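Written below as structure tokens is the structure these notes are about.
What follows is calculated from the coordinates using simple rules that are stated; it is not laboratory data. Bear in mind the structure is a predicted one, so any value in this text is a computation, not a measurement. With ideal geometry, Cβ positions are generated from the backbone for all residues, glycine too; neighbour counts draw on all protein chains shown.
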Ligand code: M6R
């Protein structure tokens, strides 16, 4: 999730590049850079920090030239630093590239290129693309880029510059957005429309596998085979604010819809080539290492804590190591039993949450080995922990966490399978079966997102004015907690989640006619038990909306409405079942006219106690 821009025309490129990047900072803001051809060479200026730092750096000596590219980064491979900032160059500085996405086979390519004498400067996956272009360059820029594309695997939008071809930019995309803005005697490239909207509303939206050679007065688009593609001009009619949200009304809705990609990115490079097991190059754990631990603590706040609850279930079920989950603000003050035999896993989207960071520091002081699951490379938590696993969800702007949660679940699931294989707690065939199911999840989330109309209707129909109860057993209970939190924080409706079996120990007293109950019944192992609890609330005339897996024809007999999610292994269903709950909260908040992205009293990152 980075921002990309490109310019070719008669005007000073740096003006558009910095202006365009300023509109893309919501996509990444840990470093920024531009490259401009100055008539002799391609001059690259880049630095860590927000775009303001780059502007400051070049203010007295702005690169001069009428063709260039720029980038604002959200780190994945390599921490935020000057050297890891884009654009990246080859050894000679003649080939320059900006990239959004992940080059999955970069390590193999890097080794090959180093053997051939290429000297790398950064820790990024992107730099291999520049060196690879240098390696294969045969005088034909376009053909050489095609050769690079044949060799790289992964997801990308890329823009290339070459000193030997100073009047053209080449761009292409795979699973990441890229648009070309059509100007008069000038053309623009951007990862997203907001970057170009002040200059032109006439665009070409590139499809996967398409490649464009962009000059100031021509744009030639071809497909993977090199055949010409005729494209229709897409006239952008959104305003700048809507464009920033990708046409969605709110960042939260955009981020909910980004989940298939976020989940796919988080999985990428972590599934073995044969698709049968999980690889975690970041960890390189052994059975001896794992057998040394007698306990794992998972510590986090809010949504990340809810992800930790699912993580506990996964680790205990699959890897058979005892796990305790704690709220960070409690954990840090409750004198937990921690020593060298303790593993502490902290979970944090931002990597900056004060209580989680304090719990991490305290546990380290007492001798625990620490692992962070976070979304922000170079964050305080990432730097403090002994080891880190990143969720590659991209920046999450809305206060309500959505794609961070689903990617945290994915990471916990993969981590548990990884541990299970090392410890031999699960047969290889079962691991392979679960990895196969896991890989279907992105498409299943897309399927869940494909019809939001019934959810909108429920949100309107029931108004959800006072109290809403969420119930479920086992993993359904963990998801219920997250569903209730979503509704509370953005719609200000009182919502509580209960383990369905606990109702009769008190809460059932609150269930009266018309009270909305969201009942999750996706877990086959406790299905009948959940059904009896649902009957208990139905007998008190609650209005029950059930969440079930496709193929379940039973639940609808006992509830008022059912929302279905695709059928998968019951371990993976939480990643799907949370999606309708996120949407329900979103549409309930909209119905009530709430400020969805910035709910009252809340901040995105809680850096104070
Ligand atoms: O950045 P973190 O994941 O550490 O943040 C933890 C919580 O503050 C966060 O999940 C919060 O609960 C969200 N607003 C929930 O949507």
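List of remarks:
- Burial ranking of peptide ranges 432-445, 293-306, 223-236 (average Cβ count within 10 Å, highest at the top): 293-306, 432-445, 223-236
- Normalised convex hull volume, the stretch 132-291, alpha-carbon set, Å³ per residue: 168
- Calculated over the chain, the projected area of the Cα convex hull averaged across directions stands at 28.1 nm².
- Shape call, the stretch 499-549: gyration tensor on alpha carbons, a/c limit 1.5: oblate
- Fraction of beta bridges assigned by DSSP in the chain that are antiparallel (%, nearest 5): 60
- Radius of gyration (Cα atoms) of the stretch 54-135, expressed as a multiple of 2.2 N^0.38 Å: 1.14.
- The ranking of 36, 452 from fewest to most other beta carbons within 10 Å of each one's beta carbon is 452, 36.
- Label positions at residue 233 and residue 334, each projected 7 Å from the Cα along the C-beta direction, are separated by 6.4 nm.
- Over the residues of the chain, the helix contribution to mean residue ellipticity at 222 nm works out to -10000 deg cm²/dmol, using -39500 (n - 2.57) for each DSSP H run of at least 4.
- Two-site label geometry, residue 447 and residue 466: point separation in nm, points 7 Å out along Cα→Cβ: 3.9
- Percent RCO, i.e. relative contact order, over the stretch 67-200, from Cα pairs under 8 Å lying at least 6 residues apart: 23
- Ordering of 38-44, 319-325 by packing [mean C-beta count within 10 Å, highest first]: 319-325, 38-44
- Normalised by the number of residues in the stretch 523-601, the average gap of Cα pairs under 8 Å and 6 or more apart makes the relative contact order 20 percent.
- Computed over every Cα-Cα pair of the stretch 543-609 and binned at 5 Å starting from 0, the pair-distance distribution P(r) comes out as 3, 14, 17, 17, 15, 12, 11, 7, 2, 1 percent.
- The ranking of 317, 254 by Cβ neighbour count inside 10 Å, starting from the fewest, reads 317, 254.
- As a proxy for reagent exposure, 71, 505 were ordered by neighbouring Cβ count within 10 angstrom, fewest first; the result is 505, 71.
- In terms of the mean number of neighbouring beta-carbon atoms within 10 Å, the peptides 201-210, 167-176 order highest first as 167-176, 201-210.
- Oblate is the label for the stretch 137-228. Its Cα gyration tensor axes, ordered a ≥ b ≥ c, give a/c of at least 1.5 and b/c at or above a/b.
- Euclidean distance between Cα centres, the stretch 286-344 to the stretch 47-101, Å: 39
- Cα gyration tensor, the stretch 465-609 - rounded (a/c under 1.5), prolate or oblate: prolate
- Distance-filtered residues of the stretch 160-196 - backbone nitrogen under 14 Å, label point 7 angstrom along residue 12 Cα→Cβ: none
- Our summary gives the chain a relative contact order of 11 percent, counting only alpha carbon pairs under 8 angstrom and 6 or more residues apart.
- FRET E, pair residue 365, residue 285, Förster distance 25 Å, beta-carbon r, rounded to 0.05: 0.65
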